[in-house]
Amino acid sequence: FKIEAVKLANSSDKTMEQIARELDIASTMLYNWRKKYAEPLSDTVEKDSSLTPEQIKIKQLELENARLREERNILKKPTAFFANEPK
């Protein structure tokens, strides 16, 4: 379940909070699972001999894209908070 949740988080355009809500788990739990299982997932992609080098590169880029998307979403939260702050 944990690995499948991480795979979903990495491949989805939804935020971690949305995915956690849909899975009925705490978002912090999903973040922790993602940290714990992120490396093994990328290692699995590289060790899958049925994939061509191009497919491996695409999978690696998808994982990196998901990570960067999540970092961007994390950085948006404080920006939105400060933008709504009364002056």
>> Please count how many residues of region 12-29 are within 14 Å of Glu71 (Cα to Cα) and part of a helix (DSSP H, G or I).
In response: 2
> Which condition does Arg21 not pass, out of (1) of a type in the set (D, E, K, R); (2) surrounded by 13 or more Cβ atoms within 10 Å (Cβ to Cβ); (3) at pLDDT below 85, if it passes all the others?
Replying inline: (3)
> Here are Ser42, Ser12: which of them is on the phi < 0 side of the Ramachandran plot, surrounded by 12 or more Cβ atoms within 10 Å (Cβ to Cβ), of a type in the set (Gly, Ala, Ser) and modelled with pLDDT under 70?
Replying inline: Ser42
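The values are calculated or read from the model by the stated rules, or taken from the named source; none is laboratory data. Not measured: the values here are computed from a predicted model. Note: ideal-geometry Cβ built from the backbone for every residue, glycine included; neighbour counts use all protein chains shown.
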